[in-house]
Every structure is written in C-alpha cells, then in structure tokens.
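One structure below.
The values are calculated or read from the model by the stated rules, or taken from the named source; none is laboratory data. Remember, predicted model here, so these are calculated numbers, not experimental data. When we count neighbours, we look across all protein chains shown, and the Cβ atoms used for this are built from the backbone with ideal geometry, even at glycine.
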Amino acid sequence: MAYPYTHEREIRVLSRGFGDPATRTLDGWRKLGGYEALEKALGMDREELIEEVKSSGLRGRGGAGFPTGVKWSFMPKEPKGPQYLLINADESEPGAFKDRELMRWTPHQMIEGALIGAYAMRAQHVYIYVRGEFFEPAQIVGRAIEEAYAAGLAGKNILDKGVDIEVTLHLGAGAYICGEETALMNSLEGRRGQPRIKPPFPAVSGAFAKPTTINNVETLCAIPHIVKNGGAWFRQWGTEKSPGTKMFNVSGHVVRRGNYELALGFPMDDLIYDMCGGIRDGRKLKAVIPGGSSVPILTAQEIEGLAADYESVAQAGSMLGTASVIVMDDQTNMVRQVRRMVEFYAHESCGQCTPCREGTAWMAQILRRIEAGQGTPEDVDTLLGVCKNVTGTTICVLSDSAAAPVLSWIQKFPEDIDRLVGGRRGVQIPAGAATA
Amino acid sequence: MKNPGWAGETGEFDLTESEVRGAGYVGPQPTEGWEHGGVNAVPYVHADSDPDAPLFQGPYRKRLDTIMSRYPNKRAALLPVLNLAHEIRGYLSQESMDAVAHELEEAPAAVRGVATFYTMYNRRPVGRHLVQVCTNVACNLCGGHEVFEAFLQHTGTEPGQISEDGEFTVMEVECLGACGFPTAVQVNGRYFENVDVAGVPDLLARLKRHGVDPVDGAAEGATSTSTSNGEGTKSKSKSKSTGGEG
Ligand SMILES: Cc1cc2nc3c(=O)[nH]c(=O)nc-3n(C[C@H](O)[C@H](O)[C@H](O)COP(=O)(O)O)c2cc1C
Ligand code: SF4
Ligand code: FES
C-alpha cells in the first residue's frame, strides 16, 4: 500500500517501498534486492555502466529532462583531482512533492543510485543537498548514510572492491533558487545561493571548481533498477523519447491527491479522473499546471487526450517538468493563484539580474491591482511587456518561470481579462508567447 | 484528543504516525551528531533552544569538528555551522554569526552576507513553536491562506510576533514540498499535513501539551503498534520562554 493512495494501473518500480516502514532500513531494502545493483556496478567497466544508463534513455527528473547517461559521459575520464556528484534534493517547486516521499520511504534507493553514479563518474564525494525545511527526510537519509557506512557500503574500500566514496548530507537554509544547479554549488560552498554564468559547465568546473555532476533524487533512484535489469528493461514502459516510469505528484482540487508512479505517456485524463478520482465535490475541471508552477497553464480542453510525456506536453504548449500536476476546478480564482505564484518568484529571485529582480516585483504588484478590481487594459499590456523582457534575458530561468503562468493565463483565460479589466482594448497577445 | 494535521487521516493508510515519520528508525537524536555523512541531519529548530547558551561547547564541539572534516575547505562548512548555532540558541544573533566567522576564519561581513540570504535563519528569538504555514499555490487552492489567518487568530498574534505565553510565532512561508497534503504546516522540525481551519485549535493545544513528537494512538480508532522510541508524550522539561517583546 502506498502513501496515501495506490492504484492498480501504477507501475511501482521506484515507489514499491512506499508505505512500508521496513523499506527504510538497510535490512528492509536488502530484502527487496537492495545494493545488488551496487555490487554488480562495481564489477563493471565504468564506460559500460554509463552506456547502460544511456541505453535506458533515462531523462533527468529535476525538470529539464536531459538524458542522464549523456550527462554522466561529460565527466573527465582521467581525473586531475577530486570530482563530485551532488544530489539535488532541494525540491521547492510549488506543486512538487515526490523527492520528499522518495527520501522518507526509500533513502537507501537514492544512496545506492548515488554510489553507482559516483563510481561511474569517478567522483569520490557525494553531497546530498537537502532543502533546510526537510528535517524529517534529512534524519531518515542521515540514518541511512550511517547504516551504509557501518555495512561497508560507503566510505573507504566499498564492498572490498577498492573504491572509496564519501557521502555527506548537507542541509540548505531556505531558498528556492538553490535548486538551480549552479546556485546549489555556490550554496554548498558556503556562499549566497546565486546562479553562476555558464560556461564553464559543471562537468568542467563545478563545486569547489572541480568537475561536478548534479542529479535529482528521482533520477538517481531509478539507477539501481536500470543497472540491475538493463536499459532495455526500463524501455518496456513509456515512449521512445520518454522511456520508463515517473512519479506523478498530483495536488489541488482532485479527490485523491498523491504520488502515482506511471509509465510516461500515460493519459492525463485517466490520471485525473481515474486515479485521482476526478474533481472534488463533483465540480468541473478548469485548468491544469502539468509540471510545477514554473510551466505554462493548460486549459481543461488542452488536457483532453493529452499523453503525459515530455514531447506531448511540450507540443501542447507547456512542459512536463517535474510532473507535478496542479489541478484547478471551475471555481478557482485564477488571478489570485497566478498572483500568488508570481509573488513566490518575486520573493525567491536572487536579485543578481535586473530584469528578474525588478520584473517579478512589478508583475506581482500589477496582479495585486488587477485582483483588487483596479486594473486597466494598459496593465495587461504592461504585464505582457514585462513577461517579454524577463524571458531569455537573465542568468537562470527563474524569471522565465515567473512569466509562464502570467502569459498563459492572459492568453488562455480571456474571460478573466474581460471581467477584471473591462475589456481587452489594446491588448496584443504575441503569438505563441505562452510557450516561451 | 483527535490527532490533528496528520497525512495518515486521509488515504487508505493504517500505519501509526511514528511509522510514517520514521521516528522508530531514526531513533533518539544524539546531540553530538552522527559520525559520518549523517552529521548534518540533526534538527536545528527546536523548542529547547536557549538564547543564552554557550556556542560550540561539549558535544557541539565534537559535532563542529565532524562537520569540518566532511568538506574540502572551512568555508563550505558555513551553512552547517550556522545551523548548529541556530539549533543551540534558536536564532542567529550578530554575535552568533561573528562566532561562526571566527570558527571558520572568515570575515564577519562575509558570514552575515550569507546568513541574511537564507530565509530559515531567525534573526531574533521566536516562540517555542515556530508555526510556518504554506500559502503557496497548491495549498492555497485548498485554503492555505485561511489556515494561516486561523493560526494568527487563535494565537492572537501578528505574523512573526511571539504570543503572550511565549509558545507560538506564526509565519507565512513558501511551498514546503508537501503539496499533496494541503495545508502543509511546519512546526520546528516537524511537518503537519492536511491542516484545515477547523483543526487549528486542536493542533495548537496538542503542541502546547506534547510538543511536535508523534502522538501515536491519539487519533480516533488508530492502532497503537508504536515503533517509536516511546517518547511521544514526553513534555519538554525546559519550558523557557524566549522573550516576549518580539
Ligand atoms: C530556479 C530553478 C530551480 C530548480 N529547482 C530544482 C529542484 O528543487 N530540484 C531539482 O532536482 N532540480 C531543480 N532544478 C533543475 C536543476 O537546475 C537541474 O537541472 C537538475 O537538478 C538536474 O538533475 P537531473 O538531470 O537529474 O534532472 C531547478 C532549476 C531552476 C532553474
Ligand atoms: S534570473 Fe533571477 S533568480 Fe536567476 S540569477 Fe537572475 S536574478 Fe537570480
Ligand atoms: S504549495 Fe504548500 S506545500 Fe507546496
């Protein structure tokens, strides 16, 4: 039984331990075949191991969907000094709550995946960057690390194979931006969590100016299964370009909110109406954010017949992101929710780039005015102008993320604009703007 | 008493709260911390902190040394060491930050510049229970803002203020990463899930009585196969108020 709901159409690979307290322990994880993949991996040639991950087609689960095996292959093969693997457990994207569950139920799954990755990439230290608020998951992961050390699975001479990998938990202190990979590296180094300009890319000069790879928790959780069963096995689910299973974290106005592990490409309608029991209180669907608050909003109509994989959602004008599905019913006050999302980005902007620092604050201010019924059609024009100016002009994509909900709302919910600012005089909606 | 604000109350779930929270697995937290990479896992917000406690002495000195050993340079230990100071005193004063700078051989201004970037550091004392209510989109859709208002109303405070009895400080926070269990509320080192307006008075009463530890069997009809370290109902001996003027 999973936490808090399960469904028979789920394919439970990563989540099979959810709801079973025993899985947290080393013994419990071993009973499910845990650490067999590590043993196998340490006996494999590193390049062969990376090829196996490549062949699985696994794509990063932190939002961007970059192929994991390819990313791993960027790391230097002949290290000139220390190399690092960082686990991105900063999960702060509004709507996302999958990494927390993975860490609290299956900490050893993540640690095993990280050890395999560190071996493949010749990294001798793994840092797990957990957002500061996650005390509970951090304690569970911390205990699991100590268990792994005691069992000779981490530290010096792992499993007597002559491989040394240190694993250290590192707690953040409250800053969404630290989830951005270069900001995370700065934060780990004891600095303000501000994104760095790329290049240099992390695989060349990352944490402590050494070659570094950053992976999301869920990405690494998939690794032991792929190593044990092979890349082809992982491809039995999902689509050609989006293979495998993925955690879908559903929140908002559905009857049964929760985490569901599904093959990528699963019908979005079935997720909402079958698994999650439809919209609460017999209401109707108004809108869905398919991948966390940073991606464009989709209307009920756009969701119909939509397959939940990276390509299909992109084609529909949004992004699958972290597969954090936020569902809104027909009584949702959209301007209020869009305003709240923009306030979040204004609050979390690290302040380095003027368009982001100023633009997000302006957007929040204008949206507050519109929400209060004091907006004008010119306000909508200004919003569109700001959206344009913060998209693609900054060091990281946080400001683009702030623009996504605003643009898609203006474009797709004209009745809101009519009602709130009394008409759309002068409002020019750029074609395809909401997909930016 | 009903067990308010626990995810186990929705869903097809029949585990105890301790089992869900992993209290039995984690066990009692050693003050000197764990030995290896788990050293940073010890909570740094709790009701027992003392604003006048000496920094980095006894077991905390040992933890500081272990933390330092996990990083390639001293600077990288900055956040963990700030966390440690925060845990000991419950907030970060100018003096604590300077002490951290001294330990790490960094300029005090550099440490302050970093500390002020992060939102979890309280820069003045807070109530014994720091109640942080998520009002971000997923929670807000299900009434997050109203829950926040209810906490303010029932504690008789303004955001960030300490309640008269020194028990509570209520704040609005961004997404806590528990969006499937709205409204998510963090109290010190513990999450409370599915908190609704009606459950707020119960939750405040529970916090006053039991602190944030799991209270197994308190839920109506819950089984009592507790795997916790049996400390669910322990009351904190040191109920020192951390100042009332806010
Ligand atoms: C503003 C911002 C916030 C991010 N937050 C997270 C996060 O909380 N967790 C995460 O895994 N990735 C986050 N990412 C994505 C990371 O930068 C990075 O792409 C990812 O961790 C790579 O891991 P993957 O290849 O395994 O997906 C964020 C990106 C941006 C721009
Ligand atoms: S876009 Fe915003 S968050 Fe990103 S680096 Fe620039 S100011 Fe910081
Ligand atoms: S929106 Fe409240 S926990 Fe994510």
Of the criteria (1) farther than 27 Å from A:A402 by Cα; (2) at pLDDT 95 or above, which one B:P125 fails
(2)
Out of A:V406, A:V338, A:V380, A:V386, report the one residue that is touching a helix residue (DSSP H, G or I) at 6+ places or on another chain (Cβ under 9 Å), in a helix (DSSP H, G or I) and within 16 Å of ligand 3 (Cβ to nearest atom).
A:V338
Given (1) within 16 Å of ligand 2 (Cβ to nearest atom); (2) in contact (Cβ under 8 Å) with a residue 60 or more places away in the chain, identify the lone condition not met by A:A41.
(1)
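Does B:G217 meet the test of being under 14 Å from the mean Cα position of the chain (by Cα), modelled with pLDDT under 95 and not aromatic (F, W, Y)?
Criteria not met by B:G217.
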Of everything in segment A:14-39 that's hydrophobic (A, V, I, L, M, F, W, C) and surrounded by fewer than 22 Cβ atoms within 10 Å (Cβ to Cβ), which residue is farthest from A:R143 (Cα to Cα)?
A:A37
Of all the residues that make up segment B:181-211, how many are touching a helix residue (DSSP H, G or I) at 6+ places or on another chain (Cβ under 9 Å) and assigned to a loop (DSSP other than H, G, I, E, B)?
10
Take A:R340 and decide whether it is of a type outside the set (S, T, N, Q), at pLDDT 95 or above and more than 16 Å from ligand 2 (Cβ to nearest atom).
yes
Residues being within 9 Å of another protein chain (Cβ to nearest Cβ) and touching a helix residue (DSSP H, G or I) at 6+ places or on another chain (Cβ under 6 Å) - total across segment B:82-103:
1
For B:A178, are the conditions met, namely being part of a helix (DSSP H, G or I), under 25 Å from B:L207 (Cα atoms), within 16 Å of ligand 3 (Cβ to nearest atom) and not assigned by TED's automatic domain parsing to the domain that holds B:L55?
no
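Would you say B:V147 is closer than 30 Å to A:V250 by Cα, more than 11 Å from chain A (Cβ to nearest Cβ) and β-branched (V, I, T)?
Yes; evaluated as a whole, the condition is true for this residue.
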Condition (residue is within 18 Å of A:L220 (Cβ to Cβ), more than 22 Å from the chain's Cα centre (by Cα) and more than 7 Å from every other protein chain (Cβ to nearest Cβ)) applied to segment A:124-132: is it met by at least one residue?
yes
Can you find a residue in segment A:272-295 that is of a type in the set (V, I, T) and without any contact (Cβ under 8 Å) to a residue 24 or more places away in the chain?
no
What's the number of the condition A:H347 fails, among (1) surrounded by fewer than 17 Cβ atoms within 10 Å (Cβ to Cβ); (2) at pLDDT below 95?
(2)
Residue list for segment B:16-39, filter: surrounded by fewer than 19 Cβ atoms within 10 Å (Cβ to Cβ) and either touching a strand residue (DSSP E or B) at 6+ places or on another chain (Cβ under 8 Å) or free of Cβ contacts under 8 Å to residues at least 40 places away in the same chain (or both)
B:Q29, B:P30, B:T31, B:E32, B:E35
Among (1) surrounded by fewer than 24 Cβ atoms within 10 Å (Cβ to Cβ); (2) under 20 Å from B:I67 (Cβ atoms); (3) hydroxyl-bearing (S, T, Y), the one test that A:Y119 misses:
(2)
Outside the structural domain of A:Y176 (by TED's automatic domain parsing) and away from ligand 2 (no atom under 16 Å from the Cβ): is that true of A:R12 in this structure?
yes
If the requirement is being surrounded by fewer than 21 Cβ atoms within 10 Å (Cβ to Cβ) and either farther than 27 Å from A:G174 by Cβ or more than 16 Å from ligand 3 (Cβ to nearest atom) (or both), which of these qualifies: A:G359, A:G305?
A:G305
